[in-house]
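Report on the structure given below.
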Amino acid sequence: MSIPFFLKKYWIPLLFFGAGLFFQLVVLPSSYPPTHYEVLKLGRNASVEEVTKAYEQLSQNWLSKSGRPTVAEFIKIRYAFELLSNPLLKKYYDQFGLDEQQDVLVSIKEQYRNEEDYTKVKLPLLNTPSSDSAIDAFNILTRKELMSGTDKEKPLLVQVYSNWSPRCAQFSDSWKRLASLLDGVADTGMIEVSEFAAYDADKKFAKQLYHSGLPALVAYPPSCRSSDCSMRYQGELSVDAVVDWTSTYVLGLPRILYYSKETLMSKFFANVAYNKVKILFFSSTGERAAPYLRQLALKYSDYAAFANILWTEEDSQFWWNSLKVESAPAFVILKGGAVDPVVYHGLPSRSEVIKLIEEHRRQELPQLRSDTATQLGCDAKGHSRSGFDTLVWYCVIVAGRPSSELTKMRELVRSTREKLTGYSGSDQIENPDLVSDVAITPAAIAFKDNRLTFAWLDGEVQKKLCLFYLNPEDAEGACGPRYGDYELPRVFIVRFQRRTKEEEENLKKRTKQSAMQSLLQEGGNSASQLVAKYNGTQEADEVVKWISQIIKDGDTQTIPFFDQKAPDFEPEESNRAWASGTRTVRSAGSGLIQKMKSVISLVSDFARGPWVGPALFLCACITYGWISLKSTTPSSQPTNNGQGNTRRENDKKAKKTGSTKAKSGSTDKPVSITDEEPKDAVNLLSSGSDSE
């Protein structure tokens, strides 16, 4: 069946007209249900006296049997009367469309659903508050305080409340817990609904905010105190949900995911680098991690990986046998290898968690990798912990593949470092004079002056760098991928020597004169490297003496400068287990989920606008007029263009016919007008012709 010409021609204006009609008849009535004034057959913003009079007139009709209302009708009328006869409730209903007792209306209708006599309904329906009632509010903000912002560097979460709202009163305890959980991470405050409406002059944002009633939550990211950059919370009013929304979308903090005993090994340990400390939090409630824990997960992301575990009685025996966890809440610190887990029962504070992590971090031997090489001073780019004036410094490295043997060797090097500190856990020796053994004095002084660093290198991941420092015969069992059970970590020391200022100036002059030397120098080392391997016994005292002898010789002897470039570090752990798509949310509202919610909210807000239907009708009229005008306007193209087009079409047909005939044979070739002589033709010869 062919499409009618009219529909085919005017389908665009018809589409606009149909959309406008659908909006006016379906969408708009559902967005704006009958008001309580309409229930009482009154105009908008009628006075309290008019409301009372209208209710009395309706109640008089109920005296007769024919005018008796149903229970549902009576509840609807009585609810409208009680709401609009209270000046406080009426004020906020008129100004903001707030009807905080809708849940009461629904519950009463359900309670008397099977009742047939409206006189059995217990009155009053609403426990209306007085104007003097107030909820337990704290950190109350005024309009000026909200505009100025006490600390714009921190995000701000604001609760828009009303003294008469029962939902706000019920939410009071949850708000206090929210404020305590966000303490130190974000500021919180409360603002009365009338103050907030005055803050936003045009009230456009405020009207959009109250669709779901009060309390309403609004978040202001750092350096933001206006409605243009604010974010509305539209989810469930639970502590866990609000804290997760604030931490994820406002603060941009990573989520700490939950794992079970079946998924902990396959999805957490398998995706976390071997060198990282694993910190497990056990919870019996299943609530998401507190914001300060998520901040710590971000701060210590290069050192530790965090995971949540839901504690259940069914799995209690498993966690006791594997990690020695008796109950929840608790958290476990796993260092890997042969080191036993460290278990702490109870719910620690922020300061306690930081203190424990820092203590374990100081005891750990740092890993040498791309993002720690400069900080440790173990690279060849001329960086030293003691400053740029230092010409010679040292780095003791234990290289090997992750295994129990590497763990033991790392513990040996860590014990060596502790012997040079003078006491356990310190980064510097208190008094070098207390070191009586002359054999270890050079190492102790170099460690105190930050010219000596200790680290470990993953020989499996950093294969190129490991082979650069060790010979092939020494690298077996320490560098490269694992081919068997043979593991032999190696300890070596690298002596770094920076060029002097005179050498740097001479090198710059040579590179300016020679383009080849300039290319060779580009990306090269700023410091020379000399490697010495340890072949002694696995005793900390022997290692200290060996290091001291190397430093003594390296500081007193003249060693030539080596220009051989060290290989670059291999990137490690490109995917972090705790990221899981949420870590990409680095600024407020930049996440995909948040953008989708914002779009849905924006469409919902626009759908409530009464101007949408007329706008669609206007688009229908404009498109109809444009199509009609275009179809009635005569063609402005000149006639010769039409003749030219016809001539070109004829030429194409002639060429096509000629090419077809040419394929049939040479006898079918058409005769040219120059092949046939006209009858009256005369051959005119020139005067110089030889013909008679």
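The values are calculated or read from the model by the stated rules, or taken from the named source; none is laboratory data. Since we're looking at a predicted model, the values are computed, not measured. All Cβ positions, even for glycine, are placed from backbone atoms using ideal geometry, and neighbour counts span all protein chains on display. Note: areas computed on protein heavy atoms with side chains; ligands, DNA, RNA excluded. Shrake-Rupley method; radii C 1.70, N 1.55, O 1.52, S 1.80 Å.
If you take the residues of the range 463-477 that are within 15 Å of residue 493 (Cα to Cα) and not hydrophobic (A, V, I, L, M, F, W, C), which of them is modelled with the highest pLDDT?
Keep residues of the range 463-477 that are within 15 Å of residue 493 (Cα to Cα), which gives 465-471, 474-475.
Filter once more, so that each one left must be not hydrophobic (A, V, I, L, M, F, W, C): 469, 471, 474.
On the way: 469: 93, 471: 85, 474: 85.
The residue in question is 469.
When residue 276 is tested against (1) over 30 Å from residue 318 (Cα atoms); (2) open to solvent by less than 30 Å² (accessible area, probe 1.4 Å), exactly one condition is not met: (1). Taking every residue in the range 51-65 that is open to solvent by less than 50 Å² (accessible area, probe 1.4 Å) and pairing it with any residue that is of a type outside the set (Lys, Arg) and outside any helix (DSSP H, G or I), at least 6 positions away or on another chain, the pairs with Cβ-Cβ distances below 8 Å are 51/40; 51/42; 54/40; 54/42; 54/46; 55/40; 58/40; 62/69.
In the range 222-246, of all residues being among the polar types (S, T, N, Q) and closer than 19 Å to residue 189 by Cβ, the one that is least open to solvent (accessible area, probe 1.4 Å) corresponds to 246.
Determine whether residue 386 is more than 16 Å from residue 569 (Cα to Cα) and either open to solvent by 20 Å² or more (accessible area, probe 1.4 Å) or touching an Asp or Glu at 6+ places or on another chain (Cβ under 8 Å) (or both). Step through it out loud before you land on a result.
On the way: more than 16 Å from residue 569 (Cα to Cα): yes; either open to solvent by 20 Å² or more (accessible area, probe 1.4 Å) or touching an Asp or Glu at 6+ places or on another chain (Cβ under 8 Å) (or both): yes.
So residue 386 passes the test.
Please find, within the range 279-302, the residue that is farthest from residue 325 (Cα to Cα) out of those that are more than 21 Å from the chain's Cα centre (by Cα) and buried (at least 17 other Cβ atoms within 10 Å of the Cβ). Before the answer, list the steps.
Our first condition is that a residue be more than 21 Å from the chain's Cα centre (by Cα); within the range 279-302, this holds for 279-286.
Still in the list and also buried (at least 17 other Cβ atoms within 10 Å of the Cβ): 279-283.
Values: 279: 13, 280: 11, 281: 11, 282: 9, 283: 12 Å.
Filtering first and then ranking leaves 279.
Looking at this structure, is residue 460 at pLDDT 90 or above and part of a loop (DSSP other than H, G, I, E, B)? Break it down stepwise before answering.
On the way: at pLDDT 90 or above: yes; part of a loop (DSSP other than H, G, I, E, B): yes.
Considered against the rule, which asks whether it is at pLDDT 90 or above and part of a loop (DSSP other than H, G, I, E, B), residue 460 comes out as yes.
Filter the range 66-98 for residues that are open to solvent by 30 Å² or more (accessible area, probe 1.4 Å) and under 42 Å from the mean Cα position of the chain (by Cα); which is farthest from residue 123 (Cα to Cα)? Applying the filter and picking the extreme gives 95.
I need the helices (runs of 4 or more DSSP H) fully contained in the range 1-109, keeping only those with at least 2 residues that are farther than 30 Å from residue 618 by Cβ and polar (S, T, N, Q).
Working: elements: 5-9, 11-22, 28-31, 36-39, 48-61, 71-85, 87-96.
Correct list: 48-61.
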